[in-house]
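Remarks on the structure that follows.
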Amino acid sequence: MANNRYRILVKGIVQKDNKFLIVEKWYDDNIVDPYQWEFVDGEAEFGESPDAAVVRIIQEQTGLTSVVDRILYTWTFMIGSECNLGLSYLCLTDMDEDTVVLSEDLNNAKWIEADEIEDYINNKHLIPLRLLKKLLQLRSQLSAGEPLSAGGVSAAAAGAHPGGQPAENEA
């Protein structure tokens, strides 16, 4: 029998009204900008559901309580013989924006509008930005009771690529 190893990674895109929480993390002193903006993320513990993991990680890293609204997208990648499965969640909070209390792992936090995401998130391989913006627009339409176009939004229509990897000319 094969010895399969899996890791479940979760990303919490935290929304409060029309703003989204981004956090600044330290990555590596060997790169030009060692601090980079990202959404809250982490790893599920063994036996923990991904839904519970993302809510726990948001609370541990920011002090915010949140609820899962939906999964926005997934991604996978291999490191050696380990398969990593990632789930990106839209999570909602009703806590005040100024109640964010960062864990020691994070440097800063900021609430931004959806159209500012590309100004802060630099790693285009990490998140299909066009897909995220389309999904957030779709959610806003649903919340406002607006009619959707036929078929809604597919990953291909929103510009996502298989496996979450952009075409070479978009990297």
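Would you list the strands (runs of 3 or more DSSP E) that sit entirely within segment 1-104 and hold 2 or more residues that are basic (Lys, Arg)? Break it down stepwise before answering.
Numbers: elements: 5-16, 19-26, 35-38, 40-43, 67-79, 82-92.
So the answer is 5-16, 19-26.
Out of 44, 52, I need the residue that is in contact with a Pro (Cβ under 7 Å, 6 or more places away or on another chain) and under 28 Å from residue 5 (Cβ atoms). Which one? Reasoning before the result, please.
Details: 52 fails: in contact with a Pro (Cβ under 7 Å, 6 or more places away or on another chain).
When all the criteria are applied, what remains is 44.
Test each condition in (1) open to solvent by 20 Å² or more (accessible area, probe 1.4 Å); (2) within 11 Å of the chain's Cα centre (by Cα) for residue 14 and report the one that comes out false.
Going through the list (1) open to solvent by 20 Å² or more (accessible area, probe 1.4 Å); (2) within 11 Å of the chain's Cα centre (by Cα), residue 14 breaks only (1).
Taking the condition among the small types (Gly, Ala, Ser), at pLDDT below 85 and either crowded, with 18+ Cβ neighbours inside 10 Å or part of a strand (DSSP E or B) (or both), does residue 158 pass? If you could, list the steps in order and put the result at the bottom.
On the way: among the small types (Gly, Ala, Ser): yes; at pLDDT below 85: yes; either crowded, with 18+ Cβ neighbours inside 10 Å or part of a strand (DSSP E or B) (or both): yes.
Yes; evaluated as a whole, the condition is true for this residue.
Among (1) open to solvent by less than 30 Å² (accessible area, probe 1.4 Å); (2) at pLDDT below 80, where does residue 66 come up short?
With respect to (1) open to solvent by less than 30 Å² (accessible area, probe 1.4 Å); (2) at pLDDT below 80, residue 66 is out only on (2).
Exactly one of (1) touching a residue at least 40 places away in the same chain (Cβ under 8 Å); (2) under 13 Å from the mean Cα position of the chain (by Cα); (3) open to solvent by 30 Å² or more (accessible area, probe 1.4 Å) is unmet by residue 19. Its number?
Failing condition for residue 19: (2).
Give the residues of segment 39-63 that are touching a Leu at 6+ places or on another chain (Cβ under 9 Å), closer than 16 Å to residue 8 by Cβ and open to solvent by 20 Å² or more (accessible area, probe 1.4 Å), sorted by residue number.
Hits for segment 39-63 are 41, 42, 43, 50, 51.
The values are calculated or read from the model by the stated rules, or taken from the named source; none is laboratory data. Bear in mind the structure is a predicted one, so any value in this text is a computation, not a measurement. Glycine also receives a Cβ, built like all others from the backbone with ideal geometry; neighbour counts cover every protein chain displayed. Quick note on the areas: whole protein, heavy atoms, side chains included, nothing else; ligands and nucleic acids left out. Shrake-Rupley method; radii C 1.70, N 1.55, O 1.52, S 1.80 Å.
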